[in-house]
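A.B. asks: Sending over a structure as structure tokens; questions will come in a sec.
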Amino acid sequence: MKISELSVRQPVTISMLFALICVVSAIFVPRLGVALFPSVTFPMLSVSTTYGNVGPAEVEQNVTKLLESRLSVVSGLKSMTSTSSAGRSNISLEFGYDTDLTEASDAINQILSRVVRMLPDECDTPILRKFDINSMPIMRLTVRGDLPISELKALAEDKIAPLLERVDGVAATNVSGGANKIIRVDVTENRLRAYGLTLSGIASSLAVRNIQSSGGTMTEDGKNYQIFVDEKFRTLDDIRQTVVAGVSIPAVGSSVTRSNVVRLEDVAEVSDSYDYSGNAVYIDGVPGLYISVTNETDSNSTSVAEAVRDAIPEINALLPFGVELSVLSDNTTMISSTMNEVYNSALQGAVLAMLVILLFLRSMKGTLIIGLSDRKSVV
């Protein structure tokens, strides 16, 4: 039996199936993933390295060239470009589309694990990143208030960002702007000379005493004990009391010398401060900060953005008086407008098609039958 014959003989069954298809489509179509760009994997990897406050020439000589010489042997590599700037090295690696990026990433990680020992001591560990166009933020939220910018950043990182990450569909958040808390050690040059010390020596003394690591195991009476060394600085006084050197001072009126220790507070002033040299963010001419929101892969960007908007009033109710979280930019508005244009175009096309059919058939009943059949085929 043909489908057309079944449709004529069982109109109620066909109508119920059509209604079922429409209901299922109405439920699941809005849940389909919608993004501004298609899901495309580009065969590109990047290796970025931070090297303190060092000039571009020194970064290129001590970091970039060393990494380039080691990474050039990776299988499937088509081209490699590098950029050396103040305190940062970035190397972009382009592969062929037939290259397995997972295997290439494993090979690069093995190379980086070996070459990290050859980098300068002040250089951070190189970071390997994959280029994913869908990892771009979909929203930026601004945090404003009467609190100092440093306290606003702490509030955004410790409270607001975790609340946003609980929203369904949110993959990660990133806080930009504000100020980072730092510890300043202002060394007096005259005191250094008096004790015969150097800045590098003081830096080394602070580094070796600010440690937190495992010290191995110990067995006693058949029991194994884990030894853990925790010598991290907790307060400013811990830093001030750090021993940076030992000196021998002759006793007055005697040939006997006594040994004294030199603490950091003897040669320097230690205080806490804030570093504003990072990414500065100004909102309406006022220093502020914003939070970037990234959605999960294959999730509906517009639905995630709407869920974040719905969560903003609840988050604001938990913030201190005078602090407000609001939307700075929303990239999903373009997606929504584009989808609305698609829906409008489809509706206009359907209406015009039915008018043309009505013009030729001159029968409203036949036009409705053909029009509904056409809509069912689209669904």
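A.B. asks: Just the residues that are surrounded by 11 or more Cβ atoms within 10 Å (Cβ to Cβ) and farther than 22 Å from residue 151 by Cβ, please, taken from region 305-326.
C.D. replies: Listed by number, the residues that qualify are 305, 306, 307, 308, 309, 311.
A.B. asks: Now a separate question. Could you pull out every one of the helices (runs of 4 or more DSSP H) wholly within region 167-285 that has 1 or more residues that are surrounded by 14 or more Cβ atoms within 10 Å (Cβ to Cβ), polar (S, T, N, Q) and modelled with pLDDT of 80 or more? Can you show your working first?
C.D. replies: Numbers: elements: 189-195, 199-209, 236-240, 264-267.
The qualifying helices (runs of 4 or more DSSP H) are 199-209.
A.B. asks: OK, next. For the subset of region 286-297 comprising residues that are assigned to a strand (DSSP E or B) and hydroxyl-bearing (Ser, Thr, Tyr), which member is farthest from residue 181 (Cα to Cα)? If you could, list the steps in order and put the result at the bottom.
C.D. replies: Looking only at region 286-297, we keep the residues that are assigned to a strand (DSSP E or B), and these are 286-295.
Narrowing the set further to residues that are hydroxyl-bearing (Ser, Thr, Tyr) leaves 290, 292, 294.
Numbers: 290: 18, 292: 21, 294: 26 Å.
Residue satisfying both the conditions and the ranking: 294.
A.B. asks: Among the residues of region 71-84, write down those that are surrounded by 13 or more Cβ atoms within 10 Å (Cβ to Cβ) and either over 14 Å from residue 46 (Cα atoms) or among the polar types (S, T, N, Q) (or both). Lay out the reasoning, then the answer.
C.D. replies: Taking region 71-84 and keeping what is surrounded by 13 or more Cβ atoms within 10 Å (Cβ to Cβ), we get 71, 74, 76-77, 80, 82-84.
76, 82, 83, 84, listed by residue number.
A.B. asks: Kindly indicate whether any position in region 298-308 is assigned by TED's automatic domain parsing to the domain that holds residue 140, in contact with a Leu (Cβ under 8 Å, 6 or more places away or on another chain) and in a helix (DSSP H, G or I). So that I can check it myself, show each step before the final result.
C.D. replies: Applying the first criterion (assigned by TED's automatic domain parsing to the domain that holds residue 140) to region 298-308 yields 298-308.
From what is left, the residues that are in contact with a Leu (Cβ under 8 Å, 6 or more places away or on another chain) are 300-301, 308.
Pick out the ones that are also in a helix (DSSP H, G or I) and you get 301, 308.
Yes, region 298-308 has at least one match.
A.B. asks: Right, here's the next one. Write out, first by first residue and then by second, each pair whose Cβ atoms fall under 6 Å of each other, whose residues are 6+ apart or on separate chains, and whose first residue, in region 196-209, is outside the structural domain of residue 245 (by TED's automatic domain parsing) and free of Cβ contacts under 8 Å to residues at least 60 places away in the same chain while the second is surrounded by fewer than 14 Cβ atoms within 10 Å (Cβ to Cβ) and part of a helix (DSSP H, G or I).
C.D. replies: Partner pairs satisfying both residue conditions: none exist.
A.B. asks: When you check residue 163 against the structure, is it at pLDDT 85 or above, in contact with a strand residue (DSSP E or B) (Cβ under 8 Å, 6 or more places away or on another chain) and either surrounded by 10 or more Cβ atoms within 10 Å (Cβ to Cβ) or under 30 Å from residue 305 (Cβ atoms) (or both), yes or no?
C.D. replies: Values: at pLDDT 85 or above: yes; in contact with a strand residue (DSSP E or B) (Cβ under 8 Å, 6 or more places away or on another chain): no; either surrounded by 10 or more Cβ atoms within 10 Å (Cβ to Cβ) or under 30 Å from residue 305 (Cβ atoms) (or both): yes.
So residue 163 does not fit the description; no.
A.B. asks: Could you run through region 336-345 and say how many residues are surrounded by 12 or more Cβ atoms within 10 Å (Cβ to Cβ) and either in the same structural domain as residue 305 (by TED's automatic domain parsing) or more than 29 Å from residue 169 (Cα to Cα) (or both)?
C.D. replies: 0
A.B. asks: Within region 275-322, track down each residue that is of a type outside the set (D, E, K, R) and under 30 Å from residue 195 (Cβ atoms). It would help to see each step written out before you state the result.
C.D. replies: Within region 275-322, the subset of a type outside the set (D, E, K, R) is 276-283, 285-295, 297, 299-305, 307-308, 311-313, 315-322.
Scanning region 275-322 gives no hits.
A.B. asks: I'd like the full set of residues that are of a type in the set (Val, Ile, Thr), within 45 Å of the chain's Cα centre (by Cα) and at pLDDT 75 or above, limited to region 1-42. Give the derivation first.
C.D. replies: Looking only at region 1-42, we keep the residues that are of a type in the set (Val, Ile, Thr), and these are 3, 8, 12-14, 21, 23-24, 27, 29, 34, 40-41.
Subset that is within 45 Å of the chain's Cα centre (by Cα): 21, 23-24, 27, 29, 34, 40-41.
Listed by number, the residues that qualify are 21, 23, 24, 27.
A.B. asks: Suppose the filter is under 17 Å from residue 67 (Cβ atoms), surrounded by 15 or more Cβ atoms within 10 Å (Cβ to Cβ) and β-branched (Val, Ile, Thr); does residue 111 pass it? Don't jump to the end; show me each part of the working.
C.D. replies: Numbers: under 17 Å from residue 67 (Cβ atoms): yes; surrounded by 15 or more Cβ atoms within 10 Å (Cβ to Cβ): yes; β-branched (Val, Ile, Thr): yes.
Yes.
The values are calculated or read from the model by the stated rules, or taken from the named source; none is laboratory data. These figures come from a predicted structure and were not determined experimentally. Using ideal geometry, Cβ is built from the backbone for each residue, glycine included, and neighbour counts are taken over all protein chains shown.
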